[in-house]
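A short write-up of the structure that comes next.
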Amino acid sequence: MKRSKLLIIFQQLLFQKIVNDTPLVNESELLEHSSEIKKLTAQLCENPSENEAAAKIVVLASNYMEMPQLLDPILAEIIGALTRTCMEHFNDDNFSESLYYCIYHLSNIRGYRELLPLFPNEVQTFEPVSNAFCKDSKRWEVRYVLLLWLSQLALVPFDINVKAESRELLINNLIQKSIDLLSSAARDSDAAAFFLSRFLLRNDMVSRRDDFLHTAFNSLSPSKERLTTGYLKTLFHMLTSFDKLWAIPYANEMLTSISALANSPSAHHKLYHMKVIQQLALVFLPPRVAPWRYQRGRLLHIGPKKDEDSSEKHDEKKIEADDEIYKNDENVEVPLEVNSIEITMLLEINIGDVNRKKLDVYGSFENVRKCFVETCRKIFV
């Protein structure tokens, strides 16, 4: 009876929240907790071995789970104090790891992408953070935080090969340990995939990126569930970057190796297989110029006015021609690789009668859309 009453009360509160859009957590109470969290953070930074302060921070911060944006006014101050204390004790073997656990818990509440800009990103912090990561740590939260920190440092434009002899060994250890963590069962595998995607896309990492991609293509196998999932996560993060020109030389080999996972029994393989081939299709598609693009102002030409008018008319005709190509999608030739990717996606969606036998009957991909429309008509009409 007590359990049923509690369930009824919870349902009533949930219904009231949905209808009235009123949060179940009092916003004024959360604002009061912020000053206490700042005091506990200062206390923890003075004495990092005090685990009680770290536990109180975690308990108070968990109250912000419903409205994590209320942490933003104090988040930069907290992360800055915690990371500075961590840097001061990088060489201390007996240093308490509770600070890393607080940073991980805050990233879990607010989201790791919100915390990335708050990490110190000076060039001189790259080597200390890398050396701290290469040390053996028992807790995966420490590796998770350090990998997020390194992923932010990977975006800093500096020459990583300045100290060629000392840096080469450090970078090799950094990459190898990150690859080993891809098969981890904890969340540090996600951070390792995110770090590798950013670090290997640097302009001074071309040779190491080539070695990593060929190793990843040869290691993709349904029998290696965790390692294959880690490689797929890394490829997905790499393909979601703004500039996809790096992927053009590897596109065909990547498609061939990833297509072998289409029939994998693993749910993680199917999920990231779908994500990767979606991004890979954008690599095969030809670039298009949007009609709403910004047009630069006219350049001043020294010469007769006729030349200015003729050049201006030529530019206008070129813009109109590009706009016509953009509007007429039927005139754009779709590569065969994109057709095969769309067929694979249709097969994985597995809607109604869309199966391999019917696709073999229809043959060309132009008629596959007819098969898809026919199936949707049977389902929804």
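Output the number of residues of the stretch 184-239 satisfying the condition of being in a loop (DSSP other than H, G, I, E, B), of a type in the set (S, T, N, Q) and within 18 Å of K270 (Cα to Cα).
Result for the stretch 184-239: 2.
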Scan the stretch 163-178 for residues that are farther than 18 Å from V129 by Cβ and buried (at least 18 other Cβ atoms within 10 Å of the Cβ) and report the count.
-> 0
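Going residue by residue through the stretch 114-136, is there one that turns out to be out of contact with any His (no Cβ under 7 Å at 6 or more places or on another chain), small (G, A, S), surrounded by 14 or more Cβ atoms within 10 Å (Cβ to Cβ) and assigned by TED's automatic domain parsing to the domain that holds E52?
Checking the stretch 114-136: not a single residue is out of contact with any His (no Cβ under 7 Å at 6 or more places or on another chain), small (G, A, S), surrounded by 14 or more Cβ atoms within 10 Å (Cβ to Cβ) and assigned by TED's automatic domain parsing to the domain that holds E52.
Kindly indicate which of D188, D136, D159, D180 is of a type in the set (D, E) and under 18 Å from the mean Cα position of the chain (by Cα). Explain how you work it out, then say what you get.
Working: D136 fails: under 18 Å from the mean Cα position of the chain (by Cα); D159 fails: under 18 Å from the mean Cα position of the chain (by Cα); D180 fails: under 18 Å from the mean Cα position of the chain (by Cα).
That would be D188, the only listed residue that is of a type in the set (D, E) and under 18 Å from the mean Cα position of the chain (by Cα).
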Sort out which residues of the stretch 91-106 are surrounded by fewer than 21 Cβ atoms within 10 Å (Cβ to Cβ) and modelled with pLDDT of 90 or more, and write them in order of number.
-> Y101, H105
Within the stretch 107-151, considering residues that are acidic (D, E) and at pLDDT 90 or above, the one farthest from S184 (Cα to Cα) = E122
Scope the stretch 66-102; condition part of a loop (DSSP other than H, G, I, E, B) and among the polar types (S, T, N, Q); matching residues = N91, N94, S96
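For a quick check of your reading: which helices (runs of 4 or more DSSP H) sit entirely within the stretch 104-170 and have at least 2 residues that are under 16 Å from C86 (Cβ atoms)?
Of the helices (runs of 4 or more DSSP H) lying wholly inside the stretch 104-170, those with at least 2 residues that are under 16 Å from C86 (Cβ atoms) span 126-134, 140-153.
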Of those in the stretch 68-90 that are more than 20 Å from W149 (Cα to Cα) and surrounded by fewer than 13 Cβ atoms within 10 Å (Cβ to Cβ), the residue nearest to the chain's Cα centre (by Cα) is Q69
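The values are calculated or read from the model by the stated rules, or taken from the named source; none is laboratory data. Just so it is clear, the structure is predicted and the values come from calculations on it, not from any experiment. Neighbour counts are summed over all protein chains in view; Cβ atoms, including those assigned to glycine, are modelled from backbone coordinates with ideal geometry.
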